[in-house]
Amino acid sequence: MKKTDVAIIGGSAAGLAAATTLMRRHPDKSITLIRNVTQTVVPCGIPYVYGILGAVSKNIIPDTQFKNAGVDIITKHVDVINREEKTIQFEDGELLAYDKVVLSTGSKPFLPPIDGVNLNNVFSIHKDPVHLQAILEALDPAQNVVVIGGGFIGVEMAEQIARMTSRPAHIRLVEMLPHCLMTACEEEFCVVAEKELEREGVEVMTGCQVKAIHGTDTVKRVELADGRSLEADVVVIGIGAAPNVDLAERSGLDCSPRAGVKVTKTLQTSDVNIYAAGDCAEKFSFFTAEPTAIRLASIAASEGMIAAGNLYASEQRETLGALGAFATKVGTRSIAAAGLTTQAAQQQKLDVVIGEAVASNMHPGSLPDAIADMKVKLLFDRKSGEILGGHVCGGDSSAELANAIAVAVQARQTAYDLSIMQYATHPLLTASPVMYQLMIAAENALIQL
């Protein structure tokens, strides 16, 4: 029987982050990475397979750096973890003995409880290159595509399908909420995203619910709850994901199909020798400590580092909880967010002060490709002055501004702190030092406190 010091089950963001952390911190330990797909795709890059990249092969994370570091990669399905014997049993009956395990089995796409989801050419998004290639081949001759779900997956898939060389004649994005991206972004920025999609040739249908998907063997049309019918050669479903706890359940770990594998703040499971990280592990809110459904590759990578770092550490690092930091680019506009939206703050009955600033993302604004109206919107707690969230819309630096906001939220910085911040500027990269949006938005909020 083969033996390994650490077995990492799952080869996406959390699993790879765990492997690289162990490679840095414990080069003396043997590491085995177990996955049930032939290659690991870049999870956030999946939509771009269908547009900018044009091929699944261009969205693969190479195994080279891991193999060169001595990581043993096994491509097999794990049947069960025999916790008492400390062995992993594969589907073919082979056993692997372990000392510690990082469980990073990810999530499963959520499918709506409607007729027709199992028809041919109806796809959810799986992190499997073979499955992603099947979607590409189905889209190539398609003339009518319906994307169900206006979150980040749906928006990015619709935009990239619109950029295919063999672009379908009709691309429709169906979202049941009043706006796309509404659970993560400010409403005004959701509207910006929708306008960009429409400019790309996507018909955005918000406030619409899908009743059923119809066809004999292959999808032919999508029926909406209001009675309308949409022709469809391909349907892409992107309405969220549920934690993949199948292996955890079979192995007797404490878990919930809805919440995930039960973990402590150090990401230890109900078995002291097994840690869980990424989408499969339960999440709690940074703000309320209540359970949350936020599952992101960035959170998974952070948790993979924490879990792997804690396996042999006397001092255990703890997760701060899911903050929610998002970024996307739709058409010519980048949109990013960190922390609470105005709507979420209202739902939590928080009294907030909002500071805003609008300026060009370059200086002077006459530079080529400058975006004159890049906007930052910050939310602060009126009583404490602490930042609760921030939202950015404009140029490509939006994502890094949101990352800075995320750090500020985690550090519980105040409007005063951000109003006196020091920062780097450059004509081609940032707003003018006199109109740096993050600082000016904080200053505008501070005046109201």
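The values are calculated or read from the model by the stated rules, or taken from the named source; none is laboratory data. Keep in mind the model is a prediction, meaning the values are calculated, not measured. Neighbour counts are summed over all protein chains in view; Cβ atoms, including those assigned to glycine, are modelled from backbone coordinates with ideal geometry.
Numbers for the structure displayed
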item	result
Which listed residue is outside any strand (DSSP E or B) and either assigned by TED's automatic domain parsing to the domain that holds Ile161 or at negative phi (or both), from Ala357, Ala345, Ala337	Ala345
Subset of segment 73-100 [among the acidic types (Asp, Glu) and more than 11 Å from Val6 (Cα to Cα)]	Asp79, Glu84, Glu85, Glu91, Asp92, Glu94
Glu194 vs. criteria touching a strand residue (DSSP E or B) at 6+ places or on another chain (Cβ under 6 Å), within 21 Å of Ile135 (Cα to Cα) and either in a helix (DSSP H, G or I) or in the same structural domain as Pro141 (by TED's automatic domain parsing) (or both)	no
Residue pairs meeting the criteria (Cβ under 6 Å; at least 6 apart or on separate chains; first on the phi > 0 side of the Ramachandran plot, in segment 45-70; second of a type in the set (Phe, Trp, Tyr) and part of a loop (DSSP other than H, G, I, E, B))	none
Some residue of segment 269-279 being crowded, with 21+ Cβ neighbours inside 10 Å, β-branched (Val, Ile, Thr) and not assigned by TED's automatic domain parsing to the domain that holds Gln89	no
Candidate set: segment 68-124, residues that are farther than 23 Å from Ser251 by Cβ and part of a strand (DSSP E or B); chosen: the one farthest from the chain's Cα centre (by Cα)	Asn120
Pair list, Cβ < 9 Å and 6+ apart or interchain, from segment 164-192 residues that are at positive phi to residues that are at pLDDT 95 or above and part of a helix (DSSP H, G or I)	Leu181/Phe152; Leu181/Val155; Leu181/Phe189; Leu181/Cys190; Leu181/Ala193; Leu181/Glu194
From Ala55, Ala97, Ala69, residue being modelled with pLDDT under 95, farther than 26 Å from Pro257 by Cα and either small (Gly, Ala, Ser) or surrounded by 14 or more Cβ atoms within 10 Å (Cβ to Cβ) (or both)	Ala69
Residue match in segment 177-190 (condition: more than 20 Å from Gln347 (Cα to Cα) and either aromatic (Phe, Trp, Tyr) or at pLDDT below 95 (or both))	no
Subset of segment 256-283 (residues that are over 24 Å from Ser314 (Cα atoms), free of Cβ contacts under 8 Å to residues at least 24 places away in the same chain and assigned to a loop (DSSP other than H, G, I, E, B))	Pro257, Arg258
Whichever residue in segment 369-404 is assigned to a helix (DSSP H, G or I) and of a type in the set (A, V, I, L, M, F, W, C) and, among such residues, is farthest from Ala441 (Cα to Cα)	Ala399
